[in-house]
1. Just give me the residues in the range 245-275 being under 22 Å from Trp197 (Cβ atoms) and of a type in the set (Asp, Glu), in sequence order.
2. Evaluate the range 278-291: report whether one residue or more is outside the structural domain of Ile188 (by TED's automatic domain parsing), on the phi < 0 side of the Ramachandran plot, touching a residue at least 24 places away in the same chain (Cβ under 8 Å) and basic (Lys, Arg).
3. For the range 215-226, check the following and say yes or no: at least one residue is among the charged types (D, E, K, R), out of contact with any strand residue (DSSP E or B) (no Cβ under 6 Å at 6 or more places or on another chain), without any contact (Cβ under 8 Å) to a residue 24 or more places away in the chain and surrounded by fewer than 24 Cβ atoms within 10 Å (Cβ to Cβ).
4. Mind checking which pairs have a first residue in the range 104-121 that is at positive phi and a second that is buried (at least 22 other Cβ atoms within 10 Å of the Cβ), Cβ under 9 Å, 6 or more apart or different chains?
5. Quick one: is Asp379 at pLDDT below 95, of a type in the set (D, E, K, R) and either more than 26 Å from Phe321 (Cβ to Cβ) or in the same structural domain as His214 (by TED's automatic domain parsing) (or both)?
6. Please work out if Lys140 is surrounded by 21 or more Cβ atoms within 10 Å (Cβ to Cβ), outside any helix (DSSP H, G or I) and among the charged types (D, E, K, R).
7. Restricting attention to the range 365-376, which residues are in contact with a Pro (Cβ under 7 Å, 6 or more places away or on another chain) and either at pLDDT 90 or above or among the aliphatic types (A, V, I, L, M) (or both)?
Amino acid sequence: MFRSWNLRQKRLDWNPQEFSVIGREAPSGIIIPGWCPFMKHFDFVIVGAGSSGRTAVETLEAEAPGRSILLINSEESLPYKRTSISKNAVNGYQMDAFAIHPAAWYPEHGVELINGQAALRIDTEAHTLSLESETISYSKLLLATGARPCMPFADLPRGKWSALWTAADGLILHEKLSGLKKLAVVGIGVLGVEAAWQAVSAGVDTVMLGLDSHPMMKSLDRISAEPLERAIRKAGVQLLTRRKVLSITDNPDICGVSINTDSGDISADYAVLAVGGEPEVSLARSSGIPVNKGVLVDFSLKTAAPDIWAAGDCAEHAGGFVTGLWHSAENQGYLAALGMLGKSVKFENPPFRLKCEVFGGYWFSGGAVKASGVSGGLDPAETVNVDGITWRPRFRDGKLEALVAAAPRGMDKGTAKRAQKLLLRGAGREETLSVLMGKGL
């Protein structure tokens, strides 16, 4: 287990006869809930080292230097950029190749990092957190536990499948690709599309299947998805839409698996499950913190438990929505950290974009892409074709609310960034169409 020790952690002088009871007054004269001289205390504890947890740590370190910070990472590797995993499985990588910061960054910035340990339970009244190896106390805590991959099929054949969720998953798939003749990708969302692209790039015969009517259905409308579908099929992938997977079973005849669907069975050497994620709420639930599909938070990202916030993919916001985007998780981590510092914040769900660079093209999606014209209050999508890119903007009361783009020949980063800026500030219709037609790019 890797530890990065906090060199600026407070050390309190104590008298064991006087200060041995949890919840008593600390020698500094400040009441620290759950404090005990035999227990490490931290001003801020962040559980989860994904984008929201990492951003919270960076914000706390910058805004409150000298305060003690603990970051708990359940994975063995250094905290990394998770979105890089599904883009690099074909080439392989070192475990810490996508680390956000080198190991030395944490002690240099007064942050204690614990890798490879799970947080087991929070005592919300005593303000303590139990880990696998110890129990610590905290003043304020952030749940940034992210999401976990959906695993809807019970009794999957061992060694015949994997998710594509963690750095370890990506390395498993990399090792498998070199010996596979046929791979089945279950799921045709963005993660499934990226997995299929990795397999095709490795020269592996690939079939991808899912219940949706077209690839990346949550992010792309039908018109924007058509070029992606053509690119997938042109690359030789067998794309099966509107297929309901009933089970995945061992197939000893081929030393592989059978994907049992409502339209027949599909055989493959190996399967990648890419059917989406769900908020990781087990720690919150076991600690009595209210959850639904995610950890319930208010507009300031506070939970119902005292001095506990939740941010990123584990957080469920008013109206029952979970964001599920990297940049949104970063934004929430930043806001939650400010809230932990006593500042007034409000999460307003900015329309961050999703990008997918696969099969030689670039697909862009941001905002309320799937909202209906009636219930969503959005105008129907308009179409702007320029320089090989099909833009699909949608407006509400003359302001840009959603934007999708299909660029089968690719898109430069500058164009994508300028489109994101239009979306984030809700640009007017005239300006948006002018920029998309190239007059402002």
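1. Asp269
2. No, the range 278-291 contains no residue that is outside the structural domain of Ile188 (by TED's automatic domain parsing), on the phi < 0 side of the Ramachandran plot, touching a residue at least 24 places away in the same chain (Cβ under 8 Å) and basic (Lys, Arg).
3. yes
4. Pairs that qualify, where the first residue is at positive phi and the partner is buried (at least 22 other Cβ atoms within 10 Å of the Cβ), are Gly110/Ile69; Gly116/Asn73.
5. no
6. Numbers: surrounded by 21 or more Cβ atoms within 10 Å (Cβ to Cβ): yes; outside any helix (DSSP H, G or I): yes; among the charged types (D, E, K, R): yes.
Spelling it out, Lys140 is indeed surrounded by 21 or more Cβ atoms within 10 Å (Cβ to Cβ), outside any helix (DSSP H, G or I) and among the charged types (D, E, K, R).
7. Gly366
For every residue, the table says whether it meets (1) crowded, with 19+ Cβ neighbours inside 10 Å; (2) modelled with pLDDT of 50 or more; (3) assigned to a loop (DSSP other than H, G, I, E, B).
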{"residue": "Leu12", "(1), (2), (3)": "no, no, yes"}
{"residue": "Gly53", "(1), (2), (3)": "yes, yes, no"}
{"residue": "Val57", "(1), (2), (3)": "yes, yes, no"}
{"residue": "Leu71", "(1), (2), (3)": "yes, yes, no"}
{"residue": "Glu76", "(1), (2), (3)": "no, yes, yes"}
{"residue": "Ala89", "(1), (2), (3)": "yes, yes, yes"}
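The values are calculated or read from the model by the stated rules, or taken from the named source; none is laboratory data. Just so it is clear, the structure is predicted and the values come from calculations on it, not from any experiment. Glycine also receives a Cβ, built like all others from the backbone with ideal geometry; neighbour counts cover every protein chain displayed.
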